[in-house]
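Notes for the one structure printed next.
Every read-out reported here was derived from the displayed coordinates using simple, explicitly stated rules and does not represent laboratory data. Here the structure is a predicted model, which is why all the values come from computation and not from measurement. Ideal geometry is used to build each Cβ from the backbone, glycine not excepted, and the neighbour counts take in all protein chains shown.
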Amino acid sequence: MSRGRSSALVRTLACQARGRGFKSRRPRFGMFSFMFYLYILQNEKDKGFYVGHSQNIKERLKRHNEGRSGYTKGKGNWKLVYLEEYPTKAEAMRREKEIKEKKSRKYIEYLVRTSR
């Protein structure tokens, strides 16, 4: 890409970011924007794990523990044992998928153990 073309792209994106034809779905408060999180929960009863992503960890954990989430419903209390932060939902979802595709309890235990 030539230098002139690159700077035009940057200017275009900058204009869009200031509200000219670009609507962000992410609410912003001043200079702060919300992050997305990949999380791993552990069941206090059977020590099983649950991998997920969310923008609001406290609310999501509350929903899991109140039985308002399909997989974790009726399985007792869950505690947060691992957390990764991402700037976009797509990145958090990609990481969640990567962990789930491994289908490895040992890998999840490794992540939890090395994060402490």
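Worth a mention:
- Sorted by Cβ density within 10 Å, fewest first, the residues Glu96, Glu91, Glu85: Glu85, Glu91, Glu96
- Dipole of the stretch 29-114, positive end: most advanced residue of Asn77, Val51, Met35 [Cβ charges, Cα centre]: Asn77
- The length gained by stretching the chain between Glu59 and Asp46 to full extension, at 0.36 nm per residue less their Cα-Cα distance, is 2.4 nm.
- Scanning residues 5 or more positions from His53 or on other chains, those with amide H under 5 Å from its amide H are Tyr39, with H placed 1.01 Å from N in the peptide plane.
- Three-way shape call for the stretch 29-114 based on the alpha-carbon gyration tensor, with the a/c threshold at 1.5: oblate
- Amide H contacts under 5 Å for Phe36: Tyr86, Thr88, restricted to partners 5 or more places along the chain or on a different chain, H placed in the peptide plane at 1.01 Å from N.
- Taking a straight Cα-Cα cut-off under 17 Å and skipping sequence neighbours fewer than 8 places away in the same chain, the aspartates and glutamates within cross-link reach of Lys89 are Glu59, Glu98.
- Taking 0.36 nm per residue of separation and subtracting the Cα-Cα distance, full extension of the segment from Tyr110 to Lys97 would add 3.0 nm.
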